[in-house]
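The values are calculated or read from the model by the stated rules, or taken from the named source; none is laboratory data. Worth saying up front: this structure is predicted, and the values here are computed from it rather than measured. For neighbour counting, all protein chains shown are included, and Cβ atoms are generated from backbone atoms with ideal geometry for every residue, glycine included.
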Amino acid sequence: MINYICLQISNYLIKEKIITDKEKYIYSYLFSCVFEEIMFDFITLATGIIFHRLITSVLFIIITMPLRYFAGGYHASTPLRCTILSYGIMIIVVLFPQLSFEHSETIQAIIFFVCIAIIMIVSPVDTENKRFNISDKISLQKKARITVILICGIQLILWYNKSNQHTQTITLCVLICTLSLLAGYIRNIKNVS
């Protein structure tokens, strides 16, 4: 259904001579990706509202989206796997963040800062479907580092204000992004060998 709608939008743009027939499927795919991202964010926020975890769902979106975009990492091999993985991770983070580091703020801080260090060193990680040239890598690394610094600032403020549930959410998001980054890095090493 979504693909059909996106194809119809592309057909309309061709009819209006905004795009060419050769660009039809590229634009259709782009519209599909944008629509899926909007739906994912909407469902994440709705899940947060329904389960009284709106701030947790907002933190999930504002931490994971820029980190995944700028730092890169693992990408599922099919759209279905990507959807299952994305929604599964979202449910774990939004509904169960307190299970992760409930008993030790020290362990949470160590995990957070180790993950931050890994992201700073390893990012960006490309995929076999989207390779970065040198200028892309430099630009994305800079953006990933700025994102990490902002996340650290948010985390420190929340630790100072004793907002444990939110610091746990951020730590879990950073951990998941780090695991994705490392999985993508390892996959790239295996593909080179």
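Remarks
- Only residues that are farther than 28 Å from Tyr69 by Cβ and either of a type outside the set (Asp, Glu) or assigned to a helix (DSSP H, G or I) (or both) were counted across segment 9-34, and they come to 7.
- Flag if Gln155 is surrounded by fewer than 17 Cβ atoms within 10 Å (Cβ to Cβ), assigned to a helix (DSSP H, G or I) and polar (S, T, N, Q): no
- Residue in segment 86-104 that is over 24 Å from Cys152 (Cβ atoms) and either more than 14 Å from the chain's Cα centre (by Cα) or among the aliphatic types (A, V, I, L, M) (or both) present: yes
- Yes/no for Cys177 being on the phi < 0 side of the Ramachandran plot, surrounded by 20 or more Cβ atoms within 10 Å (Cβ to Cβ) and part of a helix (DSSP H, G or I): yes
- In a residue-by-residue description of segment 160-168, the property of being modelled with pLDDT of 90 or more and of a type in the set (D, E, K, R) applies to no position.
- Residue in segment 36-86 that is nearest to Ile149 (Cα to Cα), counting only those that are of a type in the set (Phe, Trp, Tyr) and outside any helix (DSSP H, G or I): Tyr74
- Count of segment 120-143 residues which are closer than 13 Å to Tyr185 by Cβ, aliphatic (A, V, I, L, M) and in contact (Cβ under 8 Å) with a residue 24 or more places away in the chain: 2
- Top-ranked residue of segment 38-83 - restricted to ones that are modelled with pLDDT under 90 and aliphatic (A, V, I, L, M), ranked as surrounded by the fewest Cβ atoms within 10 Å (Cβ to Cβ): Leu80
- Segment 123-144: number of residues that are surrounded by fewer than 16 Cβ atoms within 10 Å (Cβ to Cβ) and either modelled with pLDDT of 95 or more or not β-branched (Val, Ile, Thr) (or both): 9
- Some residue of segment 50-62 being in contact with a Gly (Cβ under 6 Å, 6 or more places away or on another chain) and over 26 Å from Gln165 (Cα atoms): no
- Residue check, Gln165 touching a residue at least 60 places away in the same chain (Cβ under 8 Å), touching a helix residue (DSSP H, G or I) at 6+ places or on another chain (Cβ under 8 Å), surrounded by 14 or more Cβ atoms within 10 Å (Cβ to Cβ) and in a helix (DSSP H, G or I): yes
- If you check Ile116, Ile111, Ile89 for being closer than 27 Å to Asp41 by Cα, part of a helix (DSSP H, G or I) and modelled with pLDDT of 95 or more, only one passes: Ile116.
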